[in-house]
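Below you'll find the structure, written out as structure tokens, and then a few comments.
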Amino acid sequence: MYPNAAESSAMPSKLSISAIFAALSVALPVWAESNVVTSQTDFVKLVSGKTLTRPLVRIEVRPDGSIAGKGAAWDVTGTWKWQGSYFCRDLYWGGDALGYNCQEVRVEPGRIRFTSDKGQGDSAAFRLN
């Protein structure tokens, strides 16, 4: 399956971290006072000049439509746009495409949560620093 042992030992770590971006299959509590963000203007106000952080992840979602940061030891890059009431992103992690996905965005003081598949999928919460 793997051409050499070095790739074999590196791959599981990267795949396990990719859950942070793709599935983000961490059970999250339901926030009592979260609000859905439904406009690009409100979203940009929330993330502009901020770094979104969670363990091993630091990213910036910039007003110009770019995404940049680090996930574990690998670069995170991508683009985003707002469609209807959703944040839609095309993301790369360590050079691997994680795909295009439109996500519901919720906010509470100091935190932002993205839920994949237009609010029907897995969620990831970040601190707004």
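No lab work stands behind these numbers, since they all come straight from the coordinates. Because the structure is a prediction, the values reported are computed rather than measured. Heads up, the Cβs are rebuilt from the backbone with ideal geometry, glycines too, and the neighbour counts pull from every protein chain shown.
Charge dipole of the stretch 68-124 (Cα centre as origin; +1 on each Lys and Arg Cβ, -1 on each Asp and Glu Cβ, all else neutral): 200 debye, rounded to the nearest 20. Phi-derived couplings, Karplus 6.51 cos²θ - 1.76 cosθ + 1.60 at θ = phi - 60°, listed residue by residue for the stretch 103-115: 10, 6, 10, 10, 9, 9, x, x, 9, 9, 10, 10, 10 Hz, with x used for Gly and Pro.
With 18 Å as the limit, the listed pairs Lys50/Lys118; Lys50/Lys70; Lys45/Lys118 have Lys50/Lys118; Lys45/Lys118 beyond it between alpha carbons. 3J(HN,Hα) along the stretch 37-49, derived from phi through the Karplus expression 6.51 cos²θ - 1.76 cosθ + 1.60 where θ = phi - 60°, amounts to 8, 10, 10, 4, 4, 5, 4, 4, 4, 5, 9, 4, x Hz, with x in place of Gly and Pro.
For the stretch 25-126, rounded, prolate or oblate, judged on the Cα gyration tensor with a ≥ b ≥ c (square roots of eigenvalues), a/c < 1.5 rounded, else prolate if a/b > b/c? Here the stretch 25-126 falls in the rounded category. Under 5 Å from the amide H of Gln103 lie the amide H atoms of Phe87, Cys88, Arg89, Lys118, each residue being 5 or more positions distant or on a separate chain, with H modelled from the backbone and absent for Pro and chain starts.
Estimated at 0.36 nm per residue, the fully extended path between Gln120 and Lys50 surpasses their Cα-Cα distance by 22.6 nm.
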